[in-house]
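The values are calculated or read from the model by the stated rules, or taken from the named source; none is laboratory data. Note that the coordinates shown come from a computational prediction; the quantities given were computed from them, not determined experimentally. Cβ coordinates were reconstructed from backbone atoms using ideal geometry, including for glycine residues, and neighbour counts include every protein chain displayed. The accessibility values were calculated without ligands, DNA or RNA, using every heavy atom of the protein model including side chains. Shrake-Rupley method; radii C 1.70, N 1.55, O 1.52, S 1.80 Å.
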Amino acid sequence: MKHPSSRAFFAYWDDRRGSERAPDRSDIEPGPLRELLGDIFVLSYDPEGGHPFRVAGTRVCALLGRDLKGEGFPGLFVPDGRREIEDLIAIVAEELLAVVAGVTASAADGSKVPLELLLLPFNTRAHTPLSLTGLLAPLGAEHAVLKDFNLTSWRTLNHPPRRFHPRELRKWSVARGFMVYEGLR
């Protein structure tokens, strides 16, 4: 990760998940992220609805010159790149993998502006709609309004749970010469 905000948000998310693959939505508190909130957003995982923004920070909205609540995230990207960003959102939400991506956008004067996109999953819970969080930050000077986002690179972040629960190993004698060890896969 290149942007300090991405590193800080990932570190917080990683700490909050503990031994799980991802934290619950309720585990993410805005207080410790006060400095980053302007760059953070939350998306609904809704392929039919275009993965709309549930919440978008003020700096994210300023980058696009409008309030993004309810707007589909893939709609920010050029038409040829929308399928790939939809696939990335599916990887994050369904496989609970974190993704960091390089993105370029066009400024009003036609210049290309590099940005970093971080997508992080929330733990899935029964009877709760799927959602994911992320951070979008420019890698250089901020520009007034950006458009035509284009995905340039991406990778998943290897983040296995740090703490493992010890398993109890029990030996059962089922038949002569045949043993079953419960607890191993």
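Some observations on this one:
- Of the numbered criteria (1) touching a strand residue (DSSP E or B) at 6+ places or on another chain (Cβ under 7 Å); (2) open to solvent by 20 Å² or more (accessible area, probe 1.4 Å), the one Ala22 fails is (2).
- Out of Leu68, Leu64, Leu96, Leu130, one residue alone is farther than 24 Å from Asp14 by Cα and touching a residue at least 60 places away in the same chain (Cβ under 8 Å). It is Leu64.
- Among the residues of the stretch 25-48, not a single one is surrounded by 15 or more Cβ atoms within 10 Å (Cβ to Cβ) and on the phi > 0 side of the Ramachandran plot.
- The stretch 1-45, residues that are among the aliphatic types (A, V, I, L, M) and assigned to a loop (DSSP other than H, G, I, E, B): Met1, Ala22, Ile28, Leu36
- Residue in the stretch 68-83 that is open to solvent by less than 40 Å² (accessible area, probe 1.4 Å), closer than 19 Å to Met1 by Cβ and either among the small types (Gly, Ala, Ser) or at pLDDT below 95 (or both) present: no
- Selection of the stretch 1-17 for residues being closer than 21 Å to Ile91 by Cα and touching a residue at least 60 places away in the same chain (Cβ under 8 Å) yields Met1, Ser6, Phe9, Phe10, Trp13, Asp14, Arg17.
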